[in-house]
Amino acid sequence: MEVQILGAHLAEVKGARLTSILIDNSLVVDAGGLTSALSLPEQKKIETVLLTHHHFDHTRDLVTLAANNGYYWRKQLVVYAPRYTLDIVTEGLLSGKLYTNFLEYPSKEKPTVILEAIEPYSRKTIVGYEVLAVPVKHSTPTVGYQITSSDGKSLFYTGDTTVGVSECWQHISPELLITEVAGPDKYADWLNKAGHLCPKFLKEELIQFRRLNGYLPRVIIVHIGNPYEQEIKEEVAQVARELEADISLGYEDMKITL
Ligand SMILES: [Zn+2]
Ligand SMILES: [Zn+2]
């Protein structure tokens with residue numbers, strides 16, 4: 001399994017993109033900084049998008065990806081998410097109010113975007129991967145995804161989450177964990193209220209992971225609050241030392257082979 005971090009940041013600025021992860025060149029999880037990371041031939045290989053939640057920084061490039069699909073090569077994209085998320089994304093981005101109605105363009109019979117609701121806790125085969133959606137704590141309904149390839153490699157991406165994400169550890173056993181740290185420990189209270197993690201929260205959640213599952217997977221951090229990146233890096237390195245774990249910050253175009 002080839003994992004590519006397309007966007008690893010909380011804010012879009014020159015050199016940093018919003019959160020989006022590409023698996024084996026064809027399956028995308030979250031569509032923050034997606035289209036600006038890939039050439040048209042690369043975008044053409046994408047068949048499937050999974051969404052963790054409806055927040056704009058995770059769904060925005062559904063519109064630009066759908067536009068390129070609909071206008072240039074007329075291939076269909078299948079978007080999976082819980083029903084709640086799909087309804088908001090439809091209303092906000094895809095229904096035609098903001099731009100083209102990609103649920104009916106170029107035709108109602110063969111639209112650019114097909115929406116498929118995903119049920120939490122039920123394992124589903126999607127383009128050859130076993131996908132398990134597990135609800136996580138955030139400020140709005142959110143699921144993390146465990147994605148397992150046919151040769152048994154697996155990752156879990158939490159999406160945006162905060163204290164209490166450990167409630168989902170009992171359902172998963174990935175070899176790679178991709179999660180978020182939106183700010184440094186000095187903003188812990190604010191981050192918790194906003195539904196995010198800081199390094200000291202991450203540490204507590206990872207201790208729970210080890211207690212429940214008997215090991216710690218490699219951990220990659222995304223959704224990094226740009227102005228605090230150096231502080232986050234230092235605090236995460238301290239957590240890694242204390243837990244004797246492999247935890248590092250993700251970055252744009254980072255590739256990980258499982
Ligand atoms: Zn969010
Ligand atoms: Zn976010």
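The values are calculated or read from the model by the stated rules, or taken from the named source; none is laboratory data. Note that this is a predicted model, so its numbers are computed, not measured. For neighbour counting, all protein chains shown are included, and Cβ atoms are generated from backbone atoms with ideal geometry for every residue, glycine included. Please note that ligands, DNA and RNA were not included when accessible areas were found on the heavy atoms of the full protein model with its side chains. Shrake-Rupley method; radii C 1.70, N 1.55, O 1.52, S 1.80 Å.
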*Mind jotting down the distance between the C-alpha centroids of region 164-184 and region 200-216, whole Å?*
9
*Express the accessible area of region 26-166 per residue in Å², computed with a 1.4 Å probe while the remaining protein chains stay in the model.*
40
*Each residue of region 128-142 in turn: what ³J(HN,Hα) in whole Hz from Karplus with 6.51, -1.76, 1.60 and θ = phi - 60°, glycine and Pro shown as x?*
x, 9, 8, 10, 10, 8, 10, x, 10, 6, 7, 7, 8, x, 9
*First compute the accessible area of the chain with a 1.4 Å probe, then give the percent of it belonging to carbon and sulfur atoms.*
49
*Which of the lysines could be linked to Lys75 by a straight reach, that is with a Cα gap under 21 Å, when you skip same-chain ones fewer than 8 residues away?*
Lys44, Lys45, Lys108, Lys110
_7 Å from Cα along Cα→Cβ at both Ala194 and Arg218: what's the point-to-point distance in nm?_
2.9
*Once you have the Cα-Cα distance between Asp24 and Lys186, take 0.36 nm times their residue separation minus that, and quote the gain in nm to one decimal.*
54.6 nm
*Chain lengthening between Glu91 and Ser39 when straightened (0.36 nm per residue, less Cα-Cα)*: 15.9 nm
*How would you rank 74-84, 57-67, highest first, on the average number of other Cβ atoms within 10 Å across their residues?*
57-67, 74-84
*Post the alpha-carbon centroid distance, region 50-120 to region 223-254, in whole angstrom.*
32
*asked:* Nearest 10 degrees is fine. How inclined is helix 199-213 to the longest principal axis of the chain, computing both from alpha carbons?
replied: 90
*Mind jotting down the three principal axis lengths of the chain based on Cα atoms? Whole angstrom, largest first.*
56, 37, 30
_With both bridge residues required to lie in the chain, what share of the DSSP beta bridges run antiparallel, to the nearest 5%?_
55
*Positive dipole terminus of region 1-154, leading residue within Gln43, Asn101, Val134 (C-beta point charges)*: Asn101
